[in-house]
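The next block holds one structure in the form of structure tokens; read it before the comments.
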Ligand code: IMP
């Protein structure tokens, strides 16, 4: 009953799409467990280049079921658009399943996300504006609409009526916006239900049966550990749990089912949105890496903030996820940069610390302590053999491995599936 978590180990955008696509060759089920279409997973394989937001990256492998689990929040229009785009390019979507427990991102959630961000003014969080936070708020407040509800006309009518009573007060009295029409929203929700009916299923029991029969289940993470609602740098977080803990609750399995937890790390740091990034590089090298690596958001197109690899944050991430192995992506971006710096500790209030403080105020007082490592001039791009890496690149990987505290079993040297160095099999 082996399940494997593939978790974003930094601030998201670590290249999980490519990694999940690569690892799914060996998986029977690939399950997204949290988040929504705030995620953007880029995959380049034999079918072409895809930017997935909700559909699991396992969709390209004919043996794998691609499942959107109950811990996610799903914008029906976005999902239907993604399915149609895949079908138009000849990708088989008949193995796609959507949990009847997944919460629906309703149009009013998107509207509220944007109004709330505007109202925060200078304290805006820099959300993706996709309605993710408000949808999770409704889930927690027990006024959410779930995918299964879209298939039950009567129940949907009561749920939506109750939800809209509340939302319309908020929209009109707090934000001065026009109210939402119940009948129109109801009709639209029923229509979404009709279109999504072929995919909606009680997927949790299929996952449990699969695990009992020895199926290899890959839990596809979205966002990253440092954006986790509990373990991240609150309030600069997303509204779900991208850590392995969220994986268990998001698909309804126990810890005994987990055989491995793989943390995906980029060879440097990036983040989009507000909040501390201790190793941030302002201008110069930061701009160079951003342009070289095209570090712009897959979902919103926003420029990503760039910094050196943060070994303190990495160790923290390894701890909260219990990482059994790590994947290093975008190593090739550092080709030609000499020297390369790595943060090995912080200085906070005049003291050297090696732990990761999770309050923004403490983290903002942290100055990174760097170690400089020699760079490499020989390109690593597209390398598929670890022995062919320049010795300086191998030393860099070793140093990161030491800081993370888990073996780096896979190195990505380019965006394509085949541009990968598999050091040790991960999904076994
Ligand atoms: P939300 O998830 O849209 O509510 O945004 C909350 C924070 O998480 C913002 O800083 C976003 O930029 C960030 N965020 C959400 N999804 C992703 C992602 O997939 N990659 C990177 N950052 C993300």
For this session: Scan region 299-342 residue by residue and report those that are touching a strand residue (DSSP E or B) at 6+ places or on another chain (Cβ under 9 Å), under 13 Å from residue 401 (Cα atoms) and more than 16 Å from the ligand (Cβ to nearest atom).
Result: 309, 311, 312, 314, 318, 323, 324, 325, 326, 327, 328, 342
Exercise. Right, residue 85: buried (at least 24 other Cβ atoms within 10 Å of the Cβ), at pLDDT 95 or above and more than 15 Å from the ligand (Cβ to nearest atom) or not?
Worked result: no
Problem set entry | Single match in 357, 368, 391 (criterion: under 24 Å from residue 282 (Cβ atoms) and free of Cβ contacts under 8 Å to residues at least 24 places away in the same chain) | 357
For this session: Give the residues of region 288-298 that are within 12 Å of the ligand (Cβ to nearest atom) and closer than 18 Å to residue 264 by Cβ, sorted by residue number.
Result: 295, 297, 298
Exercise. In this structure, is residue 73 part of a strand (DSSP E or B) and either under 23 Å from residue 167 (Cβ atoms) or outside the structural domain of residue 182 (by TED's automatic domain parsing) (or both)?
Worked result: yes
For this session: For residue 150, state whether it is buried (at least 20 other Cβ atoms within 10 Å of the Cβ) and in contact (Cβ under 8 Å) with a residue 24 or more places away in the chain.
Result: yes
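For every residue, the table says whether it meets (1) within 16 Å of the ligand (Cβ to nearest atom); (2) under 27 Å from residue 94 (Cα atoms); (3) free of Cβ contacts under 8 Å to residues at least 24 places away in the same chain.
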position: 172; (1), (2), (3): no, no, yes
position: 185; (1), (2), (3): no, no, no
position: 199; (1), (2), (3): no, yes, no
position: 202; (1), (2), (3): no, yes, no
position: 212; (1), (2), (3): no, yes, no
position: 226; (1), (2), (3): yes, no, no
position: 232; (1), (2), (3): yes, no, no
position: 241; (1), (2), (3): yes, no, no
Exercise. Mind checking which pairs have a first residue in region 79-90 that is without any contact (Cβ under 8 Å) to a residue 40 or more places away in the chain and a second that is assigned to a helix (DSSP H, G or I) and surrounded by 19 or more Cβ atoms within 10 Å (Cβ to Cβ), Cβ under 7 Å, 6 or more apart or different chains?
Worked result: 86/59
Exercise. Checking residue 370 against (1) under 26 Å from residue 229 (Cα atoms); (2) outside any loop (DSSP other than H, G, I, E, B); (3) touching a strand residue (DSSP E or B) at 6+ places or on another chain (Cβ under 8 Å), which single condition isn't satisfied?
Worked result: (1)
Seminar exercise, completed: Going through (1) part of a helix (DSSP H, G or I); (2) over 14 Å from residue 21 (Cβ atoms); (3) under 16 Å from the mean Cα position of the chain (by Cα) one by one, residue 58 fails only at (2)
Exercise. Only one residue in 362, 381 is surrounded by fewer than 19 Cβ atoms within 10 Å (Cβ to Cβ), modelled with pLDDT under 95 and under 27 Å from the mean Cα position of the chain (by Cα). Which one?
Worked result: 381
Exercise. Can you pull out the residues in region 149-195 that are over 16 Å from residue 101 (Cα atoms) and not in a helix (DSSP H, G or I)?
Worked result: 175, 176, 177, 178, 179, 180, 181
Exercise. Does residue 260 meet the test of being away from the ligand (no atom under 16 Å from the Cβ), modelled with pLDDT under 95 and more than 17 Å from the chain's Cα centre (by Cα)?
Worked result: no
For this session: Report whether or not residue 248 is surrounded by fewer than 19 Cβ atoms within 10 Å (Cβ to Cβ) and away from the ligand (no atom under 16 Å from the Cβ).
Result: no
Problem set entry | Enumeration of residues in region 119-148 that are near the ligand (Cβ under 8 Å from one of its atoms), at negative phi and outside any helix (DSSP H, G or I) | 125, 127, 128, 130
For this session: Give region 273-284 a look and list any residue that's modelled with pLDDT of 95 or more and surrounded by 18 or more Cβ atoms within 10 Å (Cβ to Cβ), or say none.
Result: 275, 276, 277, 278, 279, 281
Exercise. Within the bounds of region 18-33, is there any residue that is within 14 Å of the ligand (Cβ to nearest atom), under 29 Å from residue 208 (Cβ atoms), in contact with a helix residue (DSSP H, G or I) (Cβ under 7 Å, 6 or more places away or on another chain) and at pLDDT below 95?
Worked result: no
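The values are calculated or read from the model by the stated rules, or taken from the named source; none is laboratory data. Predicted model only: the values in this text are computed from it and were never measured. In this analysis, Cβ positions are derived from the backbone assuming ideal geometry, glycine residues included, and neighbour counts consider all displayed protein chains.
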